[in-house]
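Q: My questions all concern the structure below.
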């Protein structure tokens, strides 16, 4: 009986920082929704005031995204306005996550964001940094990985997006309120990325540092000699007090509580 090997390496996509950039910010897992007004306001204020030359959003900007036609609804339209205004003054990059993987070209064009495939390598200040949402690296969660492959497929997405918007919104609401469906959508709690696979990606793509979100366990640690990862904070200022920005400059990485980020 044949034994399945590790997942194939994803395609390499690179972004090179402009020569004048002095700082790049990374954020993820804001899970924006109309039910989180304080988090939305904090995010808007941050984008209006950060001195960073670029902001890379590494997945799960939204709690749910059922197709780009949702961007005309009241709350989502406000988010588009915030993104478009920020994108007019700095580079904005957007990577999809496990909750907003249906963000498409129409949304990206509306808000002026650059699409960041998962993973992306950022080339800046003489170093290469690997960027990922992180869910694709949680290999121990086999049911989620099966579900992820299903919903990322063209047939599934074509069939889902063909449904009326009201039906898609209702299906998303059912998923959010059903614990079993939510686990399929988010993956099992407590599972971290696979260290060996992460280092394999980093070695193959010539990167010494990895930045990812998804796990909601912010911190930095060494995965293997010469390979370090930085986990982004989720944001929740409505039911909690979590919000953090990871900033990269010529001097390296620094974690900034939201109040100190601008």
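Q: How many residues are surrounded by fewer than 17 Cβ atoms within 10 Å (Cβ to Cβ) and touching a helix residue (DSSP H, G or I) at 6+ places or on another chain (Cβ under 9 Å) when one looks only at segment 198-211?
A: 1
Q: Could you list, ordered by first residue, the pairs with Cβ atoms under 6 Å in which the first is in segment 143-162 and modelled with pLDDT of 95 or more and the second is assigned to a loop (DSSP other than H, G, I, E, B) and surrounded by 12 or more Cβ atoms within 10 Å (Cβ to Cβ), at least 6 apart or interchain?
A: 161/67
Q: Kindly check whether there is at least one residue in segment 129-136 that is crowded, with 21+ Cβ neighbours inside 10 Å, part of a helix (DSSP H, G or I) and at pLDDT 95 or above.
A: yes
Q: Follow-up question, since we're still on this one. Among the candidates 122, 102, 116, single out the residue that is crowded, with 18+ Cβ neighbours inside 10 Å, touching a strand residue (DSSP E or B) at 6+ places or on another chain (Cβ under 6 Å) and within 30 Å of residue 184 (Cα to Cα).
A: Values: 122 fails: within 30 Å of residue 184 (Cα to Cα); 102 fails: touching a strand residue (DSSP E or B) at 6+ places or on another chain (Cβ under 6 Å).
Residue meeting the stated conditions: 116.
Q: Here's a follow-up. Just a yes or no: is a residue in segment 145-153 crowded, with 16+ Cβ neighbours inside 10 Å, within 13 Å of residue 98 (Cβ to Cβ) and in contact with a helix residue (DSSP H, G or I) (Cβ under 6 Å, 6 or more places away or on another chain)? Spell out the reasoning first.
A: Step one: of segment 145-153, the residues crowded, with 16+ Cβ neighbours inside 10 Å are 145, 147-148.
Going one step further and asking which of them are within 13 Å of residue 98 (Cβ to Cβ), we end up with 145, 147-148.
Add one more test, that the residue is in contact with a helix residue (DSSP H, G or I) (Cβ under 6 Å, 6 or more places away or on another chain), and what stays is 147.
Within segment 145-153, one or more residues are crowded, with 16+ Cβ neighbours inside 10 Å, within 13 Å of residue 98 (Cβ to Cβ) and in contact with a helix residue (DSSP H, G or I) (Cβ under 6 Å, 6 or more places away or on another chain).
Q: Which pairs have Cβ atoms under 8 Å, sit 6 or more apart or on different chains, and link a residue in segment 212-239 that is at positive phi and buried (at least 17 other Cβ atoms within 10 Å of the Cβ) to one that is assigned to a strand (DSSP E or B) and modelled with pLDDT of 95 or more?
A: none
Q: Going through segment 10-24 one residue at a time, which ones are exposed (fewer than 15 other Cβ atoms within 10 Å of the Cβ) and either more than 19 Å from the chain's Cα centre (by Cα) or modelled with pLDDT of 95 or more (or both)?
A: Listed by number, the residues that qualify are 14, 16, 18, 19, 20, 22.
The values are calculated or read from the model by the stated rules, or taken from the named source; none is laboratory data. Fair warning: this is a prediction, and the values are worked out from it, not measured in the lab. All Cβ positions, even for glycine, are placed from backbone atoms using ideal geometry, and neighbour counts span all protein chains on display.
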